[in-house]
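Single-structure report; data block below.
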Amino acid sequence: MSKKILIVDDEPGIVAIIQSYFEMAGYQIITAYNGNDAMKKLTQSPDIVLLDINMPDMDGLIVCQNIREHITCPILFLTARIETADKIKGFFIGADDYIEKPFDLDELGARVAAHLRRENRKQKQSFLRFFNDMVIDYTKREIMINQNQINLSKKEFDIVELLSTHTGQVFDRERIYERVWGLEGDGNSNTIMEHIRKVRNKFAEYTLHNYIETVWGVGYKWNG
């Protein structure tokens, strides 16, 4: 079955060009022209979202923040050139990639294909693991502690997945960032510290066990 792409942009001409390109490549296309419309179209379960940032009423950053807790598919921002600080903000709220306008369609196609391949690999490698009072379902991307579901963002779960599938192995912040955000990520190692702080706080609501252990001066490891 062909993958579904949700294209969100308030410029119909840009939507039409991207839609034509990906339809010729065999993808199913869903279109939306503003943030509210995009929220409604998510019920069609896209495999990836191409999201313009500069839209009236509800910009792409707000859309991403609103939907990221509820969907796990990749979100790629389409944007005019912006400052590094704004890109970091986007990664913090759940973006997976940026591509700047005007962009090359073949480059956009290659990035979409790469993200979808990465998602397919994750699904094939998923399985259940049990750690003390925690159960991780890698297929459903769900974590339960003492029968309480822990709601993590996509990147938070990706970090937990990386550490928990390599129990006892120490990862420095740079390596975690590279594995979770990819080589083209535009943030820094402080991004990892903030995400791990949030994960620990969510775990601490239901368990006293410290699952993510700090190895001072080195990095982090999973303490299962």
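Data overview
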item: Given the chain, longest segment not containing exposed loop chymotrypsin sites (Phe, Trp or Tyr not before Pro) (DSSP; at most 15 other Cβ within 10 Å); result: 1-102
item: Segment 132-224 - Kirkwood radius from inverse mean 1/r over Cα pairs (Å); result: 13.4 Å
item: Relative contact order, percent, the chain [alpha-carbon distance under 8 Å, six or more residues apart]; result: 14 percent
item: Rg ratio (alpha-carbon, reference 2.2 N^0.38 Å) - segment 109-168; result: 1.23
item: Restricting segment 79-123 to GluC sites (Glu not before Pro) in coil, as DSSP defines it, with at most 12 other Cβ within 10 Å; result: GLU83
item: Virtual spin-label span in nm between THR139 and ARG175, 7 Å along Cα→Cβ; result: 3.0 nm
item: Computed [θ] at 222 nm, helices only, for the chain once each DSSP H run of length n ≥ 4 contributes -39500 (n - 2.57); result: -13000 deg cm²/dmol
item: Whole-Å semi-axes of the ellipsoid equivalent to the chain (Cα gyration tensor, √5λ, descending); result: 32, 18, 16
item: Rounded to 10°, Cα long-axis angle of helix 12-24 versus longest principal axis of the chain; result: 70 degrees
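A short reminder: the numbers here are calculations on the coordinates, not readings from a lab. Worth saying up front: this structure is predicted, and the values here are computed from it rather than measured. Glycine also receives a Cβ, built like all others from the backbone with ideal geometry; neighbour counts cover every protein chain displayed.
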